[in-house]
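The numbers here are math on the coordinates, done by the rules we state, and not lab data. Remember, predicted model here, so these are calculated numbers, not experimental data. Positions of Cβ are backbone-derived with ideal geometry, glycine not excepted, and every protein chain shown enters the neighbour counts.
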Amino acid sequence: MAAPSQYILPNDLPVALLDCEEAFSLLSAEEKLYTHFLSRASFYGGLIVLFQTSPESPAIYILLSRLFRAQEPSVLRGVAQCQGLTDDEYQALLVYTAGFFANMGNYKSFGDTKFVPNVPKEKLEKLLRASEAFTKDPEEMKALWKMVEDRMYSLEPREKQLGLGDHGISTYFSANCTMEDAELIQRFLDSKSLSAYNTRLFKTHDEGGRAKYEVRLASVSKEGSADVSSDLSNLLGQVEFEGYQIQVTRGDYSPLLLRVRENLEKAKVYAANENQRKMLDEYGRSFQEGSIQAHKEGSKYWVQDKGPIVESYIGFIESYRDPFGSRGEFEGFVAVVNKLMSARFAQLVSAAERLISSLPWPSTYEKDTFLRPDFTSLDVVAFSGSGIPAGINIPNYDDIRQSIGFKNVSLGNVLSVGSATEREKLTFLSEEDKDIFIKYRGPSFEVQVGLHELLGHGSGKLFVQDEKGSFNFDKENIINPETGEHVKSWYKPGETWDSKFSTIASTYEECRAECVGLYLCGNEEVLRIFGHGLPQEAQDVLYVNWLNMVRAGLLGLEYYTPETGKWRQAHMQARFVILRVLLEAAENFVNVTQKVGTDGRPDVRVSLDRNKIMSVGRPAIQRFLQRLQVYKSTADVDRAREMYDGYSKVTDEDPYKFLTLRDIVLLRKEERKLFVQINTRLTGENVEVLRYDSSPSGLITSVLQRFCNDEEELERKMLELNYADAFYWAKENSR
């Protein structure tokens, strides 16, 4: 039986080259070498994402790598034809492989749903057995196929999406873990001031059937190693907590992190300054020992490395895919500064304090001092992880952001590729809106990303009590504007934003940042900074930014799962919430209307009255944004959940019948682009750039050529890791 279309990638999946060759060519020889080795570190670390995605992903990766490494895509096509695969079926295999490599696993990075090959299983097996890879090592290929053949194609309810317990698959946790287990271990971690970012959780049972837990830290060092930082020295080993035995161990992903650390050492030789050298030292120590404290030290040096030509960041960073919201996916990027666009962002930073003072919360809810960050536009050379964003605001460590600062990054070559839109594929807008949308989508998104990252994620204060009992705010005099009373809640020692707000932390914060962008994008100074000084053009950019947000809210319905009542993507849930807020503003400001399309199928039109943006839309965002910030500052998770979950509901009891609208969105959805990245190769003392076609074949080749020197040893180590973990994902272990 064919898989439902939402679980397969279409043969016309858009693929685009992430071009950075011109920016790279302008680097000095030392900068090119620095970039090369950081790229190597990033791509080696990116393989960790396979182990963070699904039990079968590492073995699928190795199977596909061996298949296409032995015979490049154009040669393998002939073999496929001889084995009875049609052109469409072979194209589907190329698309599946490209999608798998781009997402570093068989779940979409944006939406967290599984995708399966649109090739009959028996035909794929026949191709594998006829391939050169099978001829070279039949026993290994048979073993790999046996490991993955069922789960590669399985669409059992639990396996359709990432999640915890009965709600989906997560390899951040063993298969038998529940949300209650995650909450227990978070309390344990908070009590020890131990971050969950670089951990996984495994549950087993003692002879009496009582649960016991292993918190495993990612590190090169394994059990019994002597190199233990002071922040870990009293934490490793077994302790009792709330009546349960909990053991903290090290060594997760050890062989992959070894390669990361080795390449950071090589990059350090070509570092431009002392901040970069110390940064890489601390990152290396973090990956060697499993210490998040060391990574935080490295992040401090990174924040202080102002205006580098080559920018990078690496580690366990974003927690979007942890069902509990605390564990970080491995990510690494290296990029080159775009000086022209960065000059605009520097102007935005200069205006930041004035702009922040206009945000709709009392000044006491803002940081005591605005820490002026770097804000640069970068052309990505290498980006590892499950996907590539348009902008980043890091580090995610609250204490560093509050006291030392942060950096904002806009990824220019991602923005330029991502904003290209074909008119015939533009859904849910009127014909009149399509023209202006296509013209100003890129410029308006550039403004929104800038405001979102710098003033969204960069604003707001957390009210915190430290271990000594001291407060970072005036507890006796600060008033909660929502209640008119003194502040009654705050973050206790050991608590962080992620640990306190857990499952809603990521989407709630993305919603807050998006609202800041909407609220400020009509500011004349902001629009002038981005080159939109002409009154009509400025109004058009403002209109398209708001229109894009409400359309994105409708598109967000694709990422809601009715069977579980769960959202699968933080940003899209945030945009749906904003759509609900603007619909609630009434006065015919935003309309979502069902209709019949020109093709006779159900369709939807979303519209926004541009004349009411400032009079109706902005006041609605102002009220909502204040509540978001107050609940965040005061750690008022109960009120935050009540409000946010209320806006996140998707039912047909609502007048807009959002469940029905979801069916229409799925009917007309367009797949997100895949990005082909360049590779850098060292020839003597020179670094050359390898480019690839904007096609599934080009993407496959680019990934295979990342590891052309040690791929066999690398894959052997990955299989050893996969075998060691297999017990924890086995269904019989789910008790």
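Extension gain for residue 599 to residue 399 (0.36 nm times residue separation, less C-alpha to C-alpha distance): 66.6 nm. State whether the range 351-461 is rounded, prolate or oblate according to the following rule on the C-alpha gyration tensor (a ≥ b ≥ c being the square roots of its eigenvalues): a/c under 1.5 gives rounded; otherwise a/b larger than b/c gives prolate, and the remaining case gives oblate. Here the range 351-461 falls in the oblate category.
Counting only lysines at least 8 places from residue 475 when in the same chain, those with an alpha carbon closer than 23 Å to its own are 367, 461, 488, 492, 500, 632.
Between residue 306 and residue 339, the FRET efficiency from the beta-carbon distance, with R0 = 22 Å, is close to 0.90. Ordering 57, 392, 219 by Cα displacement along the dipole of the chain toward the positive end leaves 392 in first place; charges were set at the Cβ atoms of Lys, Arg (+1) and Asp, Glu (-1). Using the Cβ-Cβ distance between residue 564 and residue 639 with R0 set to 22 Å, the FRET efficiency from 1/(1 + (r/R0)^6) comes to roughly 0.35. In the range 590-640, Cα pairs under 8 Å separated by at least six residues give a relative contact order of 22 percent. For the range 24-168, the mean projected area of the C-alpha convex hull, equal to one quarter of the hull surface, is 10.8 nm². Applying 0.36 nm per residue to the separation of residue 431 and residue 682 and subtracting their alpha-carbon distance, the gain on full extension is 85.3 nm.
Under the simplified labelling scheme, the residue 179-residue 730 pair shows an inter-label distance of 2.9 nm, with each label point 7 Å from Cα along Cα→Cβ. Amide hydrogen proximity for residue 15: with H placed 1.01 Å from N in the peptide plane, the residues at 5 or more positions away or on another chain lying under 5 Å are 674. Summarising the label geometry, the points placed 7 Å from Cα in the beta-carbon direction at residue 657 and residue 272 lie 5.7 nm from one another. Legend: helices of the chain (whole DSSP H runs) are marked when their alpha-carbon atoms reach 15 angstrom or more along the helix axis and their mean Kyte-Doolittle hydropathy is at least 0.5; marked are 57-70, 339-350, 570-584. A Förster radius of 51 Å combined with the Cβ-Cβ distance from residue 539 to residue 206 puts the calculated FRET efficiency at roughly 0.15.
For the range 650-735, the Kirkwood estimate of the hydrodynamic radius, built from every pair of different alpha carbons, is 18.2 Å. Simple spin-label estimate for residue 416 and residue 86 gives 3.9 nm between the two label positions (7 Å along the Cα-to-Cβ direction from each Cα).
For the range 524-654, the fraction of alpha-carbon pairs lying more than 23 Å apart is 43 percent, rounded to a whole number.
Counting only Cβ charges, +1 for Lys and Arg and -1 for Asp and Glu, the dipole size of the chain around its Cα centre is about 440 debye. Counting neighbouring beta carbons within 10 Å and listing from fewest to most, the residues 54, 326 come out as 54, 326. Shown here is the pair-distance distribution of the range 263-407: with all Cα-Cα distances grouped in 10 Å bins from zero up to the longest one, the shares run 10, 37, 37, 15, 1 percent. Counting only lysines at least 8 places from residue 278 when in the same chain, those with an alpha carbon closer than 26 Å to its own are 32, 222, 266, 268, 296, 300, 306, 339, 407.
Taking the number of Cβ atoms within 10 Å of each Cβ as an exposure proxy, the fewest-first ranking of 643, 614, 147 is 614, 643, 147.
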